[in-house]
Amino acid sequence: MEIMRLVVTGPVGAGKSTFIRSVSEIEVVDTDRRATDETSLLKTKTTVAFDFGRLQFGSEMALHLYGTPGQSRFDFMWDILIRKAHAYILLVAAHRPGEFRAARRILTFMEQRSQAPMIIGLTHVDCPNAWEAANIGLALGYPNPFECPPIVNVNPTQTTSVAQTIIKLIEHSSQECLV
């Protein structure tokens, strides 16, 4: 059986755990613990190691989904997870520009360790004060929109939206392999 590994990464509260829970065919394995630092201002629990979910495509193919912790103090887990990834998605909460620097730090970290195809998923785009995709691309270090990875809007609570995002990543991965 062929196993493809997809890493879902991003800052705290971007929707990584919810994204995986929305499409996993198994009960998600998580390492959520009570938030004890500034994270507790956003949510009561946070991922401290990783989330794991799975999607099965027939008897010959499975997609394993790994969600990273959002806090940089757990970057050793980012390193472990990205090294075996076939692709990854950076989730960014479009309505929290204060988190864009953390997203850029995570992106730089991942790019230094992996050449895997990636896309950027914008969450919370329906919230007041949500930034436009092009401006988030700039904030993440892509001044030229033609050099930016694909940016898609995703609602991590909706299975269809998450599935469409995964399809977009697979399409992007296929295009990169042809180049």
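Bear in mind these aren't lab numbers, they're just calculated from the coordinates by the rules spelled out. These numbers were taken from a predicted model, which means no experiment stands behind them. We place every Cβ from the backbone using ideal geometry, glycine too, and count neighbours over all the protein chains shown.
In this label model, D79 and Q56 are separated by 3.6 nm, measuring between points 7 Å along each Cα→Cβ vector. Computed over Cα pairs, the Kirkwood radius of region 66-135 leads via Stokes-Einstein (0.890 mPa s, 25 °C) to a diffusion coefficient of 192 µm² per second.
Over what distance in Å are the Cα centres of region 54-103 and region 146-167 separated? Cα centroid of region 54-103 versus Cα centroid of region 146-167: 13 Å apart. A simple charge model with +1 on the Cβ of Lys and Arg, -1 on the Cβ of Asp and Glu and nothing else charged puts the dipole of region 2-178 at about 420 debye relative to its Cα centre. Helical content alone sets the calculated 222 nm signal of the chain at -10000 deg cm²/dmol, taking -39,500 (n - 2.57) per DSSP H segment of four or more residues and averaging over every residue.
Highest mean first, the peptides 96-102, 5-11 sorted by other C-beta atoms within 10 Å per residue fall in the order 5-11, 96-102. With Cβ to Cβ distances under 9 Å as the rule, what net charge do the other residues near P156 carry (K, R +1; D, E -1)? Counting the neighbours of P156, the net charge comes to +2.
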